[in-house]
Structures are given as structure tokens and as C-alpha cells.
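Report on one structure; see the data block that follows.
The values are calculated or read from the model by the stated rules, or taken from the named source; none is laboratory data. All of these numbers come straight from a predicted model, not from anything done at the bench. Each accessible area value is taken on the protein alone, full model and side chains, heavy atoms only, with ligands, DNA and RNA left out. Shrake-Rupley method; radii C 1.70, N 1.55, O 1.52, S 1.80 Å.
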Amino acid sequence: MSRSVLVTGGNRGIGLAIARAFAEAGDKVAITYRSGEPPAELTALGVLAVRCDITDSEQVDQAYKQVEDAHGAVEVLVANAGITKDTLLMRMSEEDFSSVVDTNLTGTFRVVKRANRGMLRAKKGRVVLISSVVGLLGSAGQANYAASKAALVGFARSLARELGSRNITFNVVAPGFVDTDMTKVLTDEQRAGIVGQVPLGRYAQPEEIAAAVSFLASDNAAYITGAVIPVDGGLGMGH
């Protein structure tokens, strides 16, 4: 049965692949995006694109109203939107730290809390948070990003305990290095250095992250909650 699915930050990279996977499976999909224009392929797939800055609670509420009017209450939420402001600690400003946390962690809180209204009424729901291997391993120059992504694990597990009795699951997908526009700007030397750390010896494709998310949102994963699923080629094993 076609579900109402919302993917935040769904206009490019991992978010785009996730939105595409749900749309191709027949779900009613909406995405949020902060800047630029969503690709034409989403329109062709019937995906609803809503401009929304998840650091603004009013924009989040308005985005949900648009989605609910078009598709009904959100049944599957994928909290994917995030930013980076990488720099070493001694050069990191308070704004560098707080803005990343406000988007990646508090922004996730905003969209999850708003989705919860409909899920509680329906007594069912699937929430998948997109974290990162960096949140589990740490990374020099990414203290702000790693902190925000690690916090998603505690957030998801607390809600898994809080709302499990309402048949709402909360899980985390932790991607490793993924072949997206963000990683294409790296030099060949940088890319080779990263791949050298990955046991499988390659970058992930966005579709491989989307496959894990699709599984966690499916009936086959009905008894999985509070889990952290690494999709990282073995980079973070043991963490």
C-alpha cells in the first residue's frame, strides 16, 4: 500500500537516492530542500518538493502542512538533511559548532517531533535517521559534525524506548564515504587515502544507503528498533 514518505534534504546525494527508491516502489514521496532547485527527475516521479529550512520551526510546520494536504500524515520519515563546517578545534568558531548542531541534531528533533503527531494518532510509523561513520569513529577537523551525528544515536534509542509501545520504530543508518557531489570535489590523492581505509576498497553508491533505509522502513523490519546500521564498507566495524 502506498505510504506518505518524507525525506529531508532530498534534493541531492543520499537524500535524492532515498527519495527515488521510495517513489519507484510506489510510495507518495515528499522532500524538503533548503536551496537550489530539486532535479527534474523528482518531478517526473511525482515527488512533492517543499522548500524548508529545518532550523526554523515555523518553516518545518508549514512544510508538514503542505505534505499532509497532498499525501496525508507522514508515515515514514527519513531525517537526512545536514551540513558540515569542517575545521580544526582551535579555528572552530562557536557559530561553526552551533550551526552544525542546530541543523544536524536540533533540526532532526524538529522534524521528528512534528511527524510524531500523525504517527501517534495512527499508532504506527517508521523513522530513520541518517548519521555517519564519523559519528562513531570521530574525525579530525569534524568535532562539530561528529558530535551532531553521534547524538542521533542516543536520540533514536531514547525515542525507540519511549514510543515502541505505539508501534513506531526509530533506527539509524550510518553511511561511510559515499560517492556524491560532496566527495567528488576531493583530489585523487585524498580519495585514494580514504579508500585505503575501507576494507571493501571503494566508496558506497547512494543507492546502497537507500537500500538500507528502504529495508528499515519495510514490514520486514517491523521488529527492529533502536538499531544502528553501518553502511560503510567495514570502515567502522567494532564501533
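A few notes on this one:
- Hits among aspartates and glutamates - C-alpha to C-alpha of LYS28 under 14 Å, sequence gap 8 or more where chains match: GLU68, ASP69, GLU75
- GNM remark for the chain: springs join alpha carbons under 10 Å apart, and the peak mean-square fluctuation among LEU42, LEU216, LEU77 falls on LEU42.
- Per residue, the convex hull volume that the Cα atoms of the stretch 107-184 enclose (Å³): 98 Å³
- Debye log10 I(q)/I(0) for the stretch 82-128, one point scatterer per Cα, at q = 0.23, 0.26 Å⁻¹: -0.78, -0.89
- Residues in the stretch 113-128 carry Karplus couplings, in order, of 4, 5, 5, 5, 4, x, 5, 5, 5, 7, 6, 6, x, 10, 10, 10 Hz; the curve used is 6.51 cos²θ - 1.76 cosθ + 1.60 with θ = phi - 60°, and Gly or Pro positions show x.
- Tilt relative to the chain, helix 13-24 - C-alpha long axis, 0 to 90 degrees, to 10: 30 degrees
- The Rg/Rh ratio of the stretch 10-112, with both radii computed over alpha carbons and Rh defined as the Kirkwood radius, is 1.02.
- Using the 1.4 Å probe convention, the accessible area of the stretch 36-77 works out to 50 Å² per residue with neighbouring protein chains retained.
- Qualifying lysines (Cα of each under 23 Å from Cα of LYS184; at least 8 residues distant if same chain): LYS85, LYS149
- Considering only ARG166, ARG51, ARG91, the Gaussian network model of the chain with Cα springs below 10 Å gives its largest mean-square fluctuation to ARG91.
- Within the accessible area of the chain (1.4 Å probe), percent carbon and sulfur: 53 percent
- Between helix 206-216 and the chain: long-axis angle, C-alpha atoms, 0 to 90°, nearest 10: 50 degrees
- Globularity ratio of the stretch 181-232, using Cα Rg and 2.2 N^0.38 Å: 1.48
- The stretch 53-135: proportion of alpha-carbon pairs further apart than 21 angstrom, %: 36 percent
- For the chain, the spread of Cα positions along the three principal axes, ordered from largest to smallest, is 48, 38, 36 Å.
- Hull-based mean projected area of the stretch 97-239, where the convex hull spans the alpha carbons, in square nanometres: 9.0 nm²
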